[in-house]
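Undergrad: Here it is: the structure, laid out below.
The values are calculated or read from the model by the stated rules, or taken from the named source; none is laboratory data. Please read all numbers here as calculations on a predicted model, not as lab measurements. Virtual Cβ from ideal backbone geometry, glycine too; neighbours counted across all protein chains shown. These area figures cover heavy atoms from the full protein model, side chains too; ligands, DNA and RNA do not enter into them. Shrake-Rupley method; radii C 1.70, N 1.55, O 1.52, S 1.80 Å.
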Amino acid sequence: MARQFKAGMKLKSAVCDTQIMVLRVPADSLEIRIGGAPALAADDAAGDAVLDPALAGGSLTGKRYTDEAETMEFLCTKGGEGTITVDGLTIGIKQAKALPSSD
């Protein structure tokens, strides 16, 4: 179920303890999933969804997650067992940019 998200939205997993905050997303509708289940708004009740073992790579508290093109960014506010995916693609931890050489 794709929908539009806004910066500042808090989402949680229906299958694990993962909670994320949307920092930057494109204006398009997205399907954000955590552990294989659709991400829920912070105040939504979790259903009876089950963690997909193929998407149980985990998420780490305090890490920023982004796609390869860095068109979207999420902050993990509470880690859990589920892997974060957007439109079926796994997003990874944002890597620090190398500083320019001082030479």
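Undergrad: Of all the residues that make up the stretch 36-85, how many are modelled with pLDDT under 95, at positive phi and not acidic (Asp, Glu)?
TA: Count: 2.
Undergrad: Of all residues in the stretch 24-35 being assigned to a strand (DSSP E or B) and more than 10 Å from the chain's Cα centre (by Cα), which is surrounded by the most Cβ atoms within 10 Å (Cβ to Cβ)?
TA: In this case the residue turns out to be Leu30.
Undergrad: Has the stretch 44-58 got any residue that is surrounded by fewer than 20 Cβ atoms within 10 Å (Cβ to Cβ), under 11 Å from the mean Cα position of the chain (by Cα) and in a strand (DSSP E or B)?
TA: Within the stretch 44-58 (the criterion being surrounded by fewer than 20 Cβ atoms within 10 Å (Cβ to Cβ), under 11 Å from the mean Cα position of the chain (by Cα) and in a strand (DSSP E or B)), the answer is no, since none of the residues qualifies.
Undergrad: Among the residues of the stretch 59-103, count how many are closer than 21 Å to Leu30 by Cβ, part of a loop (DSSP other than H, G, I, E, B) and either open to solvent by 40 Å² or more (accessible area, probe 1.4 Å) or free of Cβ contacts under 8 Å to residues at least 12 places away in the same chain (or both).
TA: Count: 8.
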